[in-house]
């Protein structure tokens, strides 16, 4: 038996929104410790890894590890019916052929319940090592969203370079070149406005802007985003969910021939 | 001219 109750159901809705443009069918893995997702886009160049600790839930019971195979467009349709302040309850039997979802609101006294058929999804799982990266940058997630959205008008590839000068985003296309430089900035009282750059050695990598823009769908989950880069390795773009979990995206760099 | 490898070339299959 699996049963989980999340007072702020909106967190789960935002998690669904953060991955539904990258993948269609996904397994949510339930264990005694957490809910987690690992999946790749159809081109296998981007990977999403999500974790939400059992401590995020008001009630969490998982007798036996199980995978809930979900079609995200359908899940998203159901979450459209969830109110902003609703509590979410998930329930599944060990056989896991259907998932019960409940949205409760004490104020309005409403309880909505849905039964969703589950699917058996065969998905390739990758072992992602916990690497020490050469550059690690923390910045406001809204700022990162604005930069990758704005640069799309210049081209379809974004060069991200981390040097002593700061973190530079560049895009080149038919109309010319655009550069946006972020310097380290810890002046603000609010920590979430800080830009911190931790650089062991300079790194410069190219990425598809289309994917970087897909990743910014996670912006509502976290005021800050952490970018990690090493030469020749996929970039990690992490949105921490308070102290309770994260959504991490990995994207293969574009290599010059 | 760019090319992009799949993540399989960076990470091991589980």
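The values are calculated or read from the model by the stated rules, or taken from the named source; none is laboratory data. What you see is a predicted model, and the numbers here were worked out from it, not measured in a lab. Here the Cβ is made from the backbone with ideal geometry for all residues, glycine too, and neighbour counts use every protein chain on show.
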query: Does residue A:76 satisfy the criteria of being under 22 Å from the mean Cα position of the chain (by Cα) and either more than 21 Å from residue A:25 (Cα to Cα) or surrounded by fewer than 12 Cβ atoms within 10 Å (Cβ to Cβ) (or both)?
result: no
- line: The condition from (1) in contact with a strand residue (DSSP E or B) (Cβ under 8 Å, 6 or more places away or on another chain); (2) not in a loop (DSSP other than H, G, I, E, B) that residue A:77 misses is numbered (1)
- request: Determine which member of the set A:51, A:42, A:31 is within 14 Å of chain B (Cβ to nearest Cβ) and within 28 Å of residue B:10 (Cα to Cα).
  value: A:42
message: Please pick out the residue among A:114, A:169, A:144, A:103 that is more than 14 Å from chain B (Cβ to nearest Cβ), closer than 18 Å to residue A:204 by Cβ and part of a strand (DSSP E or B).
response: A:169
message: For region A:117-141, give me each residue that is within 14 Å of another protein chain (Cβ to nearest Cβ) and assigned to a strand (DSSP E or B).
response: A:126, A:127
query: If you take the residues in region A:245-257 that are outside any strand (DSSP E or B) and at pLDDT 95 or above, which one is farthest from the other protein chains (Cβ to nearest Cβ)?
result: A:253
- prompt: Yes or no: residue A:36 without any contact (Cβ under 8 Å) to a residue 24 or more places away in the chain, within 14 Å of chain B (Cβ to nearest Cβ) and out of contact with any strand residue (DSSP E or B) (no Cβ under 8 Å at 6 or more places or on another chain)?
  reply: no
task: Kindly indicate the residue of region A:212-242 that is within 22 Å of residue A:132 (Cβ to Cβ) and part of a loop (DSSP other than H, G, I, E, B) and also nearest to the chain's Cα centre (by Cα) among those meeting that condition.
output: A:234
query: What about residue A:144, is it under 18 Å from residue A:217 (Cβ atoms), touching a residue at least 12 places away in the same chain (Cβ under 8 Å) and crowded, with 16+ Cβ neighbours inside 10 Å?
result: yes
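Give me the residue from region A:183-201 that is surrounded by fewer than 19 Cβ atoms within 10 Å (Cβ to Cβ) and under 21 Å from residue A:233 (Cβ atoms) and, out of that set, farthest from the other protein chains (Cβ to nearest Cβ).
Among residues in region A:183-201 that are surrounded by fewer than 19 Cβ atoms within 10 Å (Cβ to Cβ) and under 21 Å from residue A:233 (Cβ atoms), the one farthest from the other protein chains (Cβ to nearest Cβ) is A:196.
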message: I'd like to know if region A:81-88 contains one or more residues that are surrounded by fewer than 19 Cβ atoms within 10 Å (Cβ to Cβ) and in a helix (DSSP H, G or I).
response: no
- prompt: Could you list, in sequence order, the residues of region A:202-221 that are more than 14 Å from chain B (Cβ to nearest Cβ), surrounded by 20 or more Cβ atoms within 10 Å (Cβ to Cβ) and in contact with a strand residue (DSSP E or B) (Cβ under 6 Å, 6 or more places away or on another chain)?
  reply: A:203, A:215, A:218, A:221
